[in-house]
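*Asks:* Input: one structure, supplied below.
The values are calculated or read from the model by the stated rules, or taken from the named source; none is laboratory data. The structure displayed is predicted, hence computed values, not measured ones. Heads up, the Cβs are rebuilt from the backbone with ideal geometry, glycines too, and the neighbour counts pull from every protein chain shown. SASA here: full protein model, heavy atoms, side chains in, ligands and nucleic acids out. Shrake-Rupley method; radii C 1.70, N 1.55, O 1.52, S 1.80 Å.
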Amino acid sequence: MRCFTFGKTDILPVHYDPKERKYIVDHQYLTAELGARIVKDAQTINQALGYEMIPSSFAVKDGVPYAIDFLNPAPDFERDRITEFYFEHVWKKWRGW
C-alpha cells in the first residue's frame with residue numbers, strides 16, 4: 001500500500017495493487033489498527049527525513065507493515081495513474097498548502 005503525504009503528518013493511506021500496478025479506491029482494506037500503525041510509521045519517517053509531500057510504500061505481511069519505499073523524491077500524482085478520486089484529494093491538499 002502507499003501513503004500520500006501532505007506536510008509531515010497529514011497521511012492518506014491508499015490501496016495499491018502492485019501486480020496490476022494500479023491504485024484502488026477502497027477505504028475498508030485496512031483494519032483501524034493497521035491503518036493507524038501505517039500512518040504513525042509514515043509520520044515517523046517523514047519527521048526523521050524532513051519530507052513534506054512524498055509517497056511512501058509499505059508491504060504488509062502477517063499484519064506487520066514494512067516500509068519498502070520512502071526515498072522517492074518525485075511524487076507519483078498523475079491523474080490517470082492515481083484515479084480521479086485521489087487526484088482531486090491531492091489537488092485540494094496541494095492548493096491549500
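*Asks:* So what's the back-of-envelope 222 nm ellipticity for the chain, counting only DSSP H runs of four-plus at -39500 (n - 2.57) apiece and dividing by all residues, rounded to 500? Show your work: numbers first, answer last.
*Replies:* Values: 2 runs with 35 residues, N = 97.
Using -39500 (n - 2.57) per qualifying helix, the result is -12000 deg cm²/dmol.
*Asks:* A further question on this structure: Strictly greater than 15 Å: what percent of every Cα pair in segment 1-55 meets that? Mind dumping the intermediate values first?
*Replies:* Details: 691 of 1485 pairs.
For segment 1-55, the share of Cα pairs beyond 15 Å comes to 47 percent.
*Asks:* Please calculate how many Å² of accessible area segment 1-86 carries per residue, with a 1.4 Å probe and no DNA, RNA or ligand atoms counted.
*Replies:* Details: 5120 Å² over 86 residues.
Result: 60 Å² of accessible area for each residue.
*Asks:* Still on this structure, I have one more. Once you've got the GNM for the chain with C-alpha springs shorter than 10 Å, pick whichever of Pro75, Pro13, Pro55 has the biggest mean-square fluctuation.
*Replies:* Maximum fluctuation in the GNM of the chain, among the listed residues, is at Pro75.
*Asks:* By how many nm would the segment from Phe85 to His27 grow when fully extended, if each residue of separation counts as 0.36 nm and the alpha-carbon distance is taken off?
*Replies:* Numbers: separation 58, 0.36 × 58 = 20.88 nm, distance 1.18 nm.
The span from Phe85 to His27 would gain 19.7 nm if fully extended.
*Asks:* Next up: How much of the accessible area of segment 30-70, probe 1.4 Å, is carbon plus sulfur, in whole percent? Each step should come with its number before you reach the end.
*Replies:* Details: 1350 of 2350 Å².
Within segment 30-70, the accessible surface is 57 percent carbon and sulfur.
*Asks:* Could you tell me the number of lysine pairs in the chain with C-alpha atoms less than 19 Å from each other, where the two lysines are 8 or more residues apart or belong to different chains?
*Replies:* Numbers: Lys8/Lys40; Lys8/Lys92; Lys8/Lys93; Lys19/Lys61; Lys40/Lys61.
Pairs that pass both the separation and distance tests number 5.
*Asks:* At a Förster distance of 35 Å, what's the computed FRET efficiency of Lys40 paired with Trp94, Cβ-Cβ distance as r, to 0.05?
*Replies:* Values: r = 23 Å, r/R0 = 0.67.
Here the calculated transfer efficiency is 0.90.
*Asks:* Sticking with this one: Over all distinct Cα pairs, what is the inverse of the mean 1/r for the chain, reported as the Kirkwood hydrodynamic radius in Å? Please list the in-between numbers first.
*Replies:* Details: mean 1/r = 0.0739 Å⁻¹.
After inverting the mean inverse Cα-Cα distance, the result is 13.5 Å.
*Asks:* Still on this structure, please answer the following. Testing the spin-label approximation: label points 7 Å from Cα along Cα→Cβ at Ala67 and Thr9. State their distance in nm.
*Replies:* Those two pseudo-labels are separated by 1.7 nm.
*Asks:* Using the Karplus curve 6.51 cos²θ - 1.76 cosθ + 1.60 with θ = phi - 60°, what ³J(HN,Hα) values do you get for each residue of segment 90-95, in whole Hz, with x for Gly and Pro?
*Replies:* Per-residue couplings from phi come out as 4, 4, 5, 5, 5, 5 Hz.
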